[in-house]
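Working notes, structure below.
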Amino acid sequence: MGLEFPNPVGLAAGLDKHAEHVDALARLGFGFLELGGVTPRPQQGNPRPRLFRIPEARAIINRYGLNSVGVEAFAENLKRARARCIIGVNIGRNRDTPNERAAEDYLRCLEVLYPHVHYLSINVSSPNTLGMRELQSPEALESLLRELRARREPLRERHGRHVALALKIAPDLDAAAIRALAAAARRGGAEAIIATNTTVSREGVAGLRHGGEEGGLSGAPLKSSSTAVIRALKEQLKGEIPIIGCGGILSGADAREKFDAGAALVQIYTGLIYRGPELISECISAYRAK
């Protein structure tokens, strides 16, 4: 990605959706922060309630629906942050933007955020925005990546800095879809793949209170499927594109599993909710011991 990370443990997108808590989060010891997701125009997201803890399974279901202050307000918040750390921002399309015009939304986010971030995470895998996962098709994905790279060139010259383009994918992909996606990411020039977003599966929470709620499932039940995607990507990518492992990390051993599967970096969110900040140093130690 052209970046030097102080440590390989980052915050996953979704916790600081509006870039309001950058300084506080940076003090917890993360190697990098991924903020957002953010959309070009403000949107409310889905009606409340839209977040459900399932403590018996150490899991969370959310259906926020990319609630966002909009990219301009987000950038203003980010400019007020004093922390000097590696910042990534997860970007998505507005819910009322059809997929045929989705590139316009991602390009707008790229232009506004370019001076303020180190990488952008292209969210094509949210289960809470109707039709978004269709953008993971090889044709749509390659086209989107090429448009973003083309727009990035004049921005790089104007601002004198490089911003990497990462791709955030779903865990609910079969082997053929992963092969096709990896090939499209390579052709399109993705500089990292984040594996994975939340899952629509209910394995591990079926029958539990809130286990049947609509939305994306994160936490311990996601661990195996996200690790399987990492392993499959490693086989396909042959080290050409770094993988960021995300999903079900609630201990140092879980992080070690992601590293062993092929992740260069990892991200946590639900684990932070259930374990607290000690999980960060635990995961860093697991990396150093590998």
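The values are calculated or read from the model by the stated rules, or taken from the named source; none is laboratory data. Quick caveat: nothing in here was measured; it's all calculated off a predicted structure. Ideal geometry is used to build each Cβ from the backbone, glycine not excepted, and the neighbour counts take in all protein chains shown.
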Subject >> All strands (runs of 3 or more DSSP E) inside segment 1-73 with 1 or more residues being at pLDDT 95 or above, more than 17 Å from Pro127 (Cβ to Cβ) and of a type in the set (D, E, K, R) >> reply: 32-38, 51-54
**OP:** Could you check how many residues of segment 195-221 are closer than 20 Å to Met132 by Cα and of a type in the set (A, V, I, L, M)?
**Re:** 3
**OP:** Could you please let me know if Asn90 is among the polar types (S, T, N, Q) and under 30 Å from Gly204 (Cβ atoms)?
**Re:** yes
**OP:** Evaluate segment 263-276: report whether one residue or more is assigned to a loop (DSSP other than H, G, I, E, B), over 21 Å from Ala180 (Cβ atoms) and either charged (D, E, K, R) or without any contact (Cβ under 8 Å) to a residue 24 or more places away in the chain (or both).
**Re:** yes
Subject >> Lone qualifier among Ala190, Ala140, Ala182 - being assigned to a loop (DSSP other than H, G, I, E, B), within 20 Å of the chain's Cα centre (by Cα) and of a type outside the set (Lys, Arg) >> reply: Ala190
**OP:** Tell me, yes or no, whether segment 169-178 has at least one residue that is part of a helix (DSSP H, G or I) and either hydroxyl-bearing (Ser, Thr, Tyr) or crowded, with 18+ Cβ neighbours inside 10 Å (or both).
**Re:** yes
Original post:
Somewhere in segment 241-257, is a residue assigned to a loop (DSSP other than H, G, I, E, B), over 25 Å from Leu66 (Cα atoms), of a type in the set (Lys, Arg) and at pLDDT 95 or above?
Top reply: no
Subject >> Unmet criterion (only one of (1) aromatic (Phe, Trp, Tyr); (2) under 21 Å from Gly216 (Cβ atoms); (3) touching a residue at least 60 places away in the same chain (Cβ under 8 Å)) for Tyr119 >> reply: (2)
